[in-house]
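Each value in this text was obtained by applying a stated rule to the coordinates, not by laboratory testing. In this text the structure is predicted, and so the values were computed from the model without any measurement. Positions of Cβ are generated from backbone atoms using ideal geometry, with glycine treated the same way; all protein chains shown enter the neighbour counts.
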Amino acid sequence: MEALSFMVVSGFLGAGKTTTMIALAEHMNKTFGETAIIANDLGANLVDTNLTQTSGCTVTEIANGCICYQMDNVVDQLRRLRDKDNAVFVMSDIPGCGVGALDHVYHTLARDHAEEFKLAPFTVIVDPERLRMIMPEKADINLPEELVYLLQLQLEEADAVVLNKCDLLTPEEQERYVDFLKTAVPDVPVLCISARERTGIEALADFITTNTTALKNFSVRNNHEFELAEAKLTWYNRRMFMKTLDEGKIDMNAVADDVIEEIRMGLIEKKRNVPHLKTFATSGNGDFNKASLIGVDYDIEYEQKFLRDHKNMRMIINARAVCESRVLARIVDDAIDEVCERYGLDCQIFFTECFGMADEGR
């Protein structure tokens with residue numbers, strides 16, 4: 001049996017890892033063979049899993065912890081995708097603060113399962129806005145210096161660096177970013193794409209299917225700076241059901257938008273930030289709203305909006321914030337209460353988790 005190709009997709013919070021994987025899977029399903037996605041995060045009830053399912057791609061989920069520390073689960077999922085879904089190529093992301101999958105995942109698979117799995121290039125997605133933090137201008141985008149260090153570490157792991165969101169750049173700007181990356185990681189190929197616009201995807205697919213990992217020796221074990229960076233982040237996940245009290249249909253796009261805006265204002269009031277907040281809302285029949293925010297100073301970005309008014313919606317909120325867990329939990333609660341009162345909504349909460357990476361007892 002031919003070895004199953006597997007690739008880890010790393011990158012900073014909000015860089016577009018999920019959108020890139022979806023774009024790759026859609027293309028490769030037509031040109032290469034059955035391609036599957038593993039959605040991975042530290043919490044449960046993931047926006048990314050729900051979004052990926054709308055694409056029609058084969059998707060599974062490894063939740064409640066980074067794949068770095070769930071290797072038995074990773075191997076089981078890869079075998080299932082190969083044997084039951086006939087996958088020939090599988091890709092998995094890791095949480096947006098994640099560093100270490102090259103060591104924990106790639107080296108483990110190479111050592112223990114070399115005949116079973118072929119390792120594609122370890123691919124790191126970067127977006128222009130976050131990249132400015134480590135470029136000569138040292139842009140201040142209101143994130144702690146410790147998180148800047150995470151981005152630098154992620155680049156060190158890469159077999160390939162993918163500059164995403166190039167549709168937002170002029171040709172001159174793109175050239176400047178690429179030149180910087182080639183200087184920062186001189187022995188690593190740099191590819192340019194717009195996952196949202198589906199440009200550059202064919203070239204990226206060709207690269208990852210015709211090359212393998214260099215299997216660098218890189219580790220963050222016992223790295224105190226990495227631990228300090230992780231400790232800055234809080235994870236928040238909620239799944240809920242909202243409906244109009246009078247059973248009338250309303251613009252649920254406005255509701256979803258206001259939930260995000262109220263969370264933004266709460267964070268600003270507390271002088272906190274959210275490197276990535278994403279929401280997924282659906283009212284059935286294929287109609288959904290997917291939105292994201294990459295910081296309190298940025299506009300909301302939409303993957304898709306509702307096409308029609310609705311009288312209810314199921315909504316998932318995932319936030320990765322530079323904020324204490326108790327403070328963040330109160331901010332989100334207050335935001336939802338405010339929006340429900342504004343629009344005359346009843347809200348039923350099915351699931352909530354909020355934890356800081358350094359919370360005592362976690």
**Study point:** Separation between Cα centres of the stretch 99-137 and the stretch 73-95, rounded to whole Å
**Key:** 17
**Study point:** Shape call, the stretch 249-307: gyration tensor on alpha carbons, a/c limit 1.5
**Key:** prolate
Review point. How far is helix 171-184 tilted off the main Cα axis of the chain, in degrees rounded to 10, range 0 to 90?
Key: 60
Review point. If you take the beta carbon distance between Ala231 and Arg79 as r and set R0 to 25 Å, what does 1/(1 + (r/R0)^6) give as a FRET efficiency, to the nearest 0.05?
Key: 0.10
Revision key, fill the gap. For the Val327, Phe218 Cβ pair and Förster radius 51 Å, calculated FRET efficiency rounded to 0.05 is 0.90
Point to revise | Cleavage-rule hits, GluC sites (Glu not before Pro), the stretch 108-217, DSSP coil, Cβ neighbours within 10 Å at most 11 | key: Glu115, Glu137
Point to revise | Alpha-carbon centroids, the stretch 188-203 and the stretch 227-287: separation in whole Å | key: 29
Exercise for review: Run the quick spin-label model on Glu173 and Tyr298: label points 7 Å from Cα toward the beta carbon, then report their separation in nm to one decimal.
Suggested key: 1.3
**Study point:** Segment Ala63-Leu307, extension gain: residue separation times 0.36 nm, minus the distance between their alpha carbons
**Key:** 84.8 nm
Point to revise | Cross-link partners of Lys278 among lysines (Cα-Cα below 18 Å; sequence separation of 8 or more within a chain) | key: Lys17, Lys165, Lys290, Lys305
**Study point:** Cα gyration tensor category, rounded, prolate or oblate, for the stretch 233-356 with a/c compared to 1.5
**Key:** prolate
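Please work out how much length the chain gains when fully extended from Thr210 to Asp287, using 0.36 nm per residue of separation minus the C-alpha to C-alpha distance, in nm with one decimal. Let's see the in-between values first.
On the way: separation 77, 0.36 × 77 = 27.72 nm, distance 3.71 nm.
Gain on extension, Thr210 to Asp287, equals 24.0 nm.
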Review point. At 222 nm, what helix-only mean residue ellipticity would the chain give, in deg cm²/dmol to the nearest 500, using -39500 (n - 2.57) for each DSSP H run of four or more?
Key: -11000 deg cm²/dmol
Revision key, fill the gap. By the Cα gyration tensor axes a ≥ b ≥ c (a/c under 1.5 gives rounded; else a/b larger than b/c gives prolate, otherwise oblate), the shape of the stretch 85-222 is oblate
**Study point:** Degrees separating the helix 17-31 axis from the principal Cα axis of the chain, which is the longest one
**Key:** 60
